[in-house]
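For reference, the structure discussed in these notes is given below.
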Amino acid sequence: METEFIYWRHPTPVGIKVEEISGMENKSGKLWRDMAMQIYCENGVGGFREIGHFANGAPFLFGLTSRISVTHTAHLLAVATLPKTPEANLSQFAPRTAMGIDAERLDREQVLRVRDKFLSGEEKAIVSEDSLEANIIAWTSKEALYKAAMTEGLDFRNDITIKSLPAIDRQMNLPGAPAPVIGKAQVLVADMRNHQDESPATEIKKEVVEMELYSYESEGCCVTIAYSPKCAKFGRKASKA
């Protein structure tokens, strides 16, 4: 029996809002993705909203100053949102708006076959080859960190470093649930602060930035959010609005 689209909005324990669309299992591929995105756009708090993309591929909402990040896999689409940050330039990396989200099915064994391509030798010591779940968390962490860094051409093994893995939060926002296990990471980002007026050929310096990782389970998927400890956050009361 066909399942209709399901839309829901919820806060996360780390102060980042996530909106999810799932269902409609009889559709797939680009058609499903386009339909799910339409559902997201129609459920804006202030009415219909439209997603655009900067030159580097990062998404944004027309007319709004809120950082968003988008991910989709199988029959799950998730959009993470930070509070409005009008003081920040959303087209480039900034600690106040550094955030990315990624999702992958927890049963996708193909990730084990490509772990050598995205994990360094040091990371393999903390991501067991025998644990599919750990490798899924690591993969989604790397993807989310890449989105948060907003720096093209980063090498997953050498420029994005996982220091410790988060644990999947399976009791998100339940009363009495323990605090989630937060992971730690580092990313190499382009320092654009003094390069706005320089030639495109000018070499841009890069710096290492500390990041945090939060993972939860939804619809059989691991969803991971990478964010700067300095980024804007929703308070518990505000995030429920």
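The values are calculated or read from the model by the stated rules, or taken from the named source; none is laboratory data. Note that the coordinates shown come from a computational prediction; the quantities given were computed from them, not determined experimentally. Cβ: placed from backbone, ideal geometry, glycine included. Neighbour counts: every protein chain shown. Keep in mind that these areas ignore ligands, DNA and RNA; they rest on the heavy atoms of the full protein, side chains included. Shrake-Rupley method; radii C 1.70, N 1.55, O 1.52, S 1.80 Å.
Go over the candidates Thr97, Thr71, Thr85 one by one and state the one that is in contact (Cβ under 8 Å) with a residue 40 or more places away in the chain, within 26 Å of Gly235 (Cα to Cα), over 16 Å from the mean Cα position of the chain (by Cα) and surrounded by 16 or more Cβ atoms within 10 Å (Cβ to Cβ). Break it down into steps so the answer makes sense when it comes.
Details: Thr97 fails: over 16 Å from the mean Cα position of the chain (by Cα); Thr71 fails: over 16 Å from the mean Cα position of the chain (by Cα).
Matching residue, one of Thr97, Thr71, Thr85: Thr85.
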Open item on the list: Against the conditions (1) farther than 26 Å from Ala149 by Cβ; (2) assigned to a loop (DSSP other than H, G, I, E, B); (3) in contact with a helix residue (DSSP H, G or I) (Cβ under 6 Å, 6 or more places away or on another chain), where does Tyr7 fall short? Just the number, please.
Closed with: (2)
Task: Which listed residue is touching a Lys or Arg at 6+ places or on another chain (Cβ under 6 Å), at pLDDT 95 or above and either open to solvent by 60 Å² or more (accessible area, probe 1.4 Å) or closer than 25 Å to Leu90 by Cβ (or both), from Phe156, Phe118 - done: Phe156
- [ ] Within segment 31-68, track down each residue that is over 26 Å from Cys231 (Cα atoms), open to solvent by 30 Å² or more (accessible area, probe 1.4 Å) and in contact (Cβ under 8 Å) with a residue 12 or more places away in the chain.
- [x] Arg33, Met35, Ile39
Open item on the list: Exactly one condition in (1) buried (at least 21 other Cβ atoms within 10 Å of the Cβ); (2) more than 19 Å from Val18 (Cα to Cα); (3) of a type outside the set (A, V, I, L, M, F, W, C) is false for Ser141; which is it?
Closed with: (2)
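So is Ala149 at negative phi, in contact with a Leu (Cβ under 6 Å, 6 or more places away or on another chain) and buried (at least 20 other Cβ atoms within 10 Å of the Cβ) or not?
No: the conditions fail for Ala149.
Look at Ala179 and say whether it is surrounded by fewer than 20 Cβ atoms within 10 Å (Cβ to Cβ) and under 22 Å from Gly235 (Cα atoms). I'd like the intermediate steps shown before the answer.
Details: surrounded by fewer than 20 Cβ atoms within 10 Å (Cβ to Cβ): yes; under 22 Å from Gly235 (Cα atoms): yes.
Criteria met by Ala179.
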Task: Residues being aliphatic (A, V, I, L, M), open to solvent by less than 10 Å² (accessible area, probe 1.4 Å) and either touching a Phe, Trp or Tyr at 6+ places or on another chain (Cβ under 7 Å) or closer than 9 Å to Ala36 by Cβ (or both) - total across segment 12-26 - done: 2
